[in-house]
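The values are calculated or read from the model by the stated rules, or taken from the named source; none is laboratory data. All of these numbers come straight from a predicted model, not from anything done at the bench. As a convention, Cβ positions derive from the backbone with ideal geometry for all residues, glycine included, and neighbour counts pool all protein chains shown. Note: accessible area is taken over every heavy atom of the protein model, side chains too, but ligands, DNA and RNA are not part of it. Shrake-Rupley method; radii C 1.70, N 1.55, O 1.52, S 1.80 Å.
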Amino acid sequence: MGGSIIGIPIGGILGLVIGFGLFGTRVLGVIACVIGFGVAGWVAMVLWAVYSAASEKQEAIESELRVQVIVGVHTNDKADIERAQMILRGTDPHRLDLAS
């Protein structure tokens with residue numbers, strides 16, 4: 001939506017200026033430039049919006065991965081193992097492995 005609201009008018013104005021510069025008073029040439037640059041502005045803004053959304057998603061994923069911590073508990077006592085599992089489950093872990 002932002003590409004349509006911003007890109008089309010900016011491209012159209014640029015096309016108008018270039019159209020008058022290149023074609024002078026030839027109306028069809030000026031109209032073609034306005035339409036062409038309007039579409040180009042729309043495409044550019046849509047591509048920028050897609051790139052921006054992908055960058056934000058990538059940053060969120062990297063941020064999530066950056067805060068992960070691995071915790072290891074070594075004990076042979078079954079009560080300690082159960083207590084450690086209970087504590088770790090309370091932190092909503094991504095994964096909880098038990099090695100024997």
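What to note about this one:
- Within the accessible area of the chain, the carbon and sulfur atoms contribute 67%, probe 1.4 Å, all protein chains present.
- Candidates per trypsin sites (Lys or Arg not before Pro) in the stretch 54-100, loop by DSSP, up to 13 other Cβ within 10 Å: 95
- For the stretch 51-56, 3J(HN,Hα) per residue [Karplus equation, 6.51 cos²θ - 1.76 cosθ + 1.60, θ = phi - 60°, Hz, x = Gly/Pro]: 4, 5, 5, 5, 5, 5
- Of the labelled figures (i) 61; (ii) 34; (iii) 50, only one reflects percent of Cα pairs over 22 Å apart as derived from the coordinates, namely (i).
- Between 15, 41, 72, the residue with the greatest mean-square fluctuation in the GNM of the chain (Cα pairs under 10 Å linked by springs) is 72.
- Cut-off 11 Å between beta-carbons: net charge of the residues surrounding residue 85, Lys and Arg +1, Asp and Glu -1: 0
- Given their separation in residues at 0.36 nm each and the Cα-Cα distance between them, residue 69 and residue 83 gain 3.2 nm when the chain is fully extended.
- Modelled this way, with points 7 Å down the Cα-to-C-beta line, the labels at residue 94 and residue 76 are 3.3 nm from one another.
- Counting only protein heavy atoms and a 1.4 Å probe, the chain has 83 square angstrom of accessible area per residue.
- Each label was represented as a point 7 Å from its Cα along the Cα-to-Cβ direction; for residue 61 and residue 48 these points are 2.5 nm apart.
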